[in-house]
Amino acid sequence: MTYVLTGNDKPIGGFGGFRAKVTSLDPRMRIVMTAVYAVVVVSLSSLWVLTAALGLSLWLLAFSGLPPRKTLKRMAMMDSFIIFMLLMLPFTIPGTPVFSLWGLEASWEGLRRAVEIALTANAVILAVMTLVGSMEPVTMGHALFALKTPERLVHLMMFTIRYIDVLREEYQRLRTSMKLRGFRPGTNWHTYRSYGFLVGMMLVRAIERSERILAAMKCRGFTGRILLLEDFRFSRSDLLFSLALSAALAALVWAEVSYAAS
Amino acid sequence: MPLLELTDIRFAYPGLDPVLDGASMRLEAGERLSIVGPNGAGKSTLLKIIMGLLAPNGGSVSAFGKRCAEEADFHAMRRRVGLVFQDADDQLFCPTVAEDVAFGPLNLGKSKQEALAIVDDVLTRLGLMHLRDRVTHKLSGGEKRLVTVATVLAMEPEVLILDEPTNALDPVNYAQLIDILQGLDQAILLVSHDPEFRAQIAPAGYHLIERNLARF
């Protein structure tokens with residue numbers, strides 16, 4: 001996790017050193033459009049329209065210039081979180097039976113719902129990965145700030161990015177020193193107590209470090225606001241991209257409405 | 001007019017024996033002083049009191065001829081006094097070197113363009129331009145140390161205070177740090193256990209011994 005969050009110059013998706021085409025677009029616009037996209041896709045329910053939405057996400061992937069194989073693999077990783085729910089749905093939603101397995105009846109309605117959820121989830125996660133996931137965490141922080149996200153939350157995120165590795169190293173050092181003194185974890189009180197000390201020591205050190213950081217910031221004239229260097233520009237290509245995506249979303253909504261009417 | 005003056009400082013952490021009891025010192029313009037003393041003698045505490053991060057139980061701190069008592073006074077003096085912390089990781093909190101160096105100037109009310117110009121200027125002067133866009137926590141220990149000096153110098157302080165700057169420096173970075181410090185015209189207050197380093201930067205100074213400062 002820390003590697004993902006703090007990798008050297010790597011976007012959050014871990015496409016190391018890769019300069020994707022999508023990164024030239026305004027990050028603020030990408031975040032807003034992703035939110036709009038997610039809301040629209042979640043509100044769709046027709047399977048055909050959802051398939052079209054997934055197609056749109058794939059088009060985004062192709063457009064973004066991210067390595068498709070790697071990105072799709074990541075999408076499949078997300079699927080592993082919902083796979084059990086999807087497998088259970090046909091058997092838990094009552095309705096017209098399709099087939100039976102070990103005496104359990106699967107229903108059409110459940111199957112339909114499972115496909116609907118799978119399509120929605122994959123379409124949204126793919127869009128999030130291509131538009132937002134390709135952003136460096138720091139850029140995302142700056143963009144969120146520009147989008148009027150509360151300053152405290154943005155600072156919290158940026159400090160987390162900065163210090164998660166320092167804390168991990170501290171943890172590793174403590175663990176190593178425990179190991180060097182012959183500590184072998186087992187199922188006994190000594191182990192629990194030692195882990196308790198370890199976590200406690202990490203907390204104490206983290207608090208003390210945060211106090212020292214604040215002191216260092218104060219010494220450099222900190223007054224409660226961090227001024228950010230990055231400037232964002234909303235350019236013509238951003239406008240074109242957001243217009244095109246909005247048009248595609250409008251088409252999806254239109255298709256959904258006319259499908260529902262027929 | 002001394003740049004920094006401590007008069008009769010008394011300080012104790014709550015519930016513990018006093019760390020400082022009647023310590024006084026002064027730093028004149030252009031002067032370079034070191035503070036030496038055993039571990040735990042209260043050197044870092046003394047620096048925190050100078051910077052107004054800890055309030056003394058008695059005595060007074062003056063900077064640039066003005067007595068500092070309230071946070072607002074210290075806020076003004078911190079713009080003119082730069083402190084380089086013992087642990088570089090405490091000081092470098094921005095994602096990239098450029099942003100960290102720009103943090104101080106931006107706090108001083110400089111515009112982004114001015115801040116970026118200062119960043120380039122300071123890094124060029126210290127020969128650290130190659131680190132400009134590096135991620136701060138991926139720097140080596142020595143690089144981190146040199147960058148912390150840059151972050152403080154970017155504010156063009158009149159006094160530079162260094163707390164154990166030679167900790168964990170290899171010979172190359174050590175030599176570069178000495179080079180950088182010798183090229184400065186600021187007054188320097190140095191806390192260091194390293195006799196060779198003190199001899200090069202600030203041979204004279206104060207002994208912190210038995211809760212008091214003695215000139216040597």
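Laid out as a table, the results:
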{"read-out": "Check on A:Phe234, open to solvent by less than 90 Å² (accessible area, probe 1.4 Å), touching a helix residue (DSSP H, G or I) at 6+ places or on another chain (Cβ under 9 Å) and touching a residue at least 24 places away in the same chain (Cβ under 8 Å)", "value": "no"}
{"read-out": "Filter result (surrounded by 15 or more Cβ atoms within 10 Å (Cβ to Cβ) and either modelled with pLDDT of 85 or more or more than 28 Å from the chain's Cα centre (by Cα) (or both)) within segment A:205-228", "value": "A:Arg205, A:Arg209, A:Arg212, A:Ile213, A:Ala215, A:Ala216, A:Met217, A:Lys218, A:Cys219, A:Arg220, A:Gly221, A:Phe222"}
{"read-out": "Identity of the residue in segment B:78-93, buried (at least 22 other Cβ atoms within 10 Å of the Cβ) and more than 7 Å from chain A (Cβ to nearest Cβ), that ends up modelled with the lowest pLDDT", "value": "B:Leu92"}
{"read-out": "Residue satisfying condition, being outside any helix (DSSP H, G or I) and free of Cβ contacts under 8 Å to residues at least 12 places away in the same chain, within set B:Ala199, B:Ala214, B:Ala175", "value": "B:Ala214"}
{"read-out": "A:Thr34, sole failed condition from (1) at pLDDT below 85; (2) away from every other protein chain (no Cβ under 14 Å); (3) open to solvent by less than 50 Å² (accessible area, probe 1.4 Å)", "value": "(1)"}
{"read-out": "Residues satisfying the stated conditions in segment A:61-73, i.e. buried (at least 17 other Cβ atoms within 10 Å of the Cβ) and at pLDDT 85 or above", "value": "A:Leu61"}
{"read-out": "B:Ile35 open to solvent by less than 10 Å² (accessible area, probe 1.4 Å), closer than 14 Å to B:Ile9 by Cβ and either out of contact with any helix residue (DSSP H, G or I) (no Cβ under 8 Å at 6 or more places or on another chain) or at the interface with chain A (Cβ under 10 Å from one of its Cβ atoms) (or both)", "value": "no"}
{"read-out": "Strands (runs of 3 or more DSSP E) (entirely within segment B:1-91) containing at least 3 residues that are in contact with a Leu (Cβ under 8 Å, 6 or more places away or on another chain)", "value": "B:4-12, B:18-27, B:32-36, B:58-63, B:81-84"}
{"read-out": "Selected residue [touching a strand residue (DSSP E or B) at 6+ places or on another chain (Cβ under 8 Å), surrounded by fewer than 21 Cβ atoms within 10 Å (Cβ to Cβ) and of a type in the set (S, T, N, Q)] from B:Asn212, B:Asn167", "value": "B:Asn212"}
{"read-out": "Filter result for the condition that a residue is at pLDDT 90 or above, farther than 21 Å from A:Thr223 by Cβ and not in a loop (DSSP other than H, G, I, E, B), over B:Val152, B:Val147, B:Val119", "value": "B:Val147"}
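The rows are residues; the columns are (1) touching an Asp or Glu at 6+ places or on another chain (Cβ under 9 Å); (2) closer than 30 Å to B:Gln91 by Cα; (3) within 14 Å of chain B (Cβ to nearest Cβ).
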| position | (1), (2), (3) |
| --- | --- |
| A:Trp189 | no, no, no |
| A:Tyr192 | no, no, no |
| A:Gly196 | no, yes, no |
| A:Arg205 | yes, yes, yes |
| A:Glu208 | no, yes, yes |
| A:Cys219 | no, yes, yes |
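The values are calculated or read from the model by the stated rules, or taken from the named source; none is laboratory data. Just so we're clear, the structure is a prediction, and the values are computed from it rather than from any experiment. FYI the Cβ positions are ideal-geometry reconstructions off the backbone, even for glycines, and counts take in every protein chain you see. Only protein heavy atoms, including side chains, enter the accessible area calculation; ligands, DNA and RNA are left aside. Shrake-Rupley method; radii C 1.70, N 1.55, O 1.52, S 1.80 Å.
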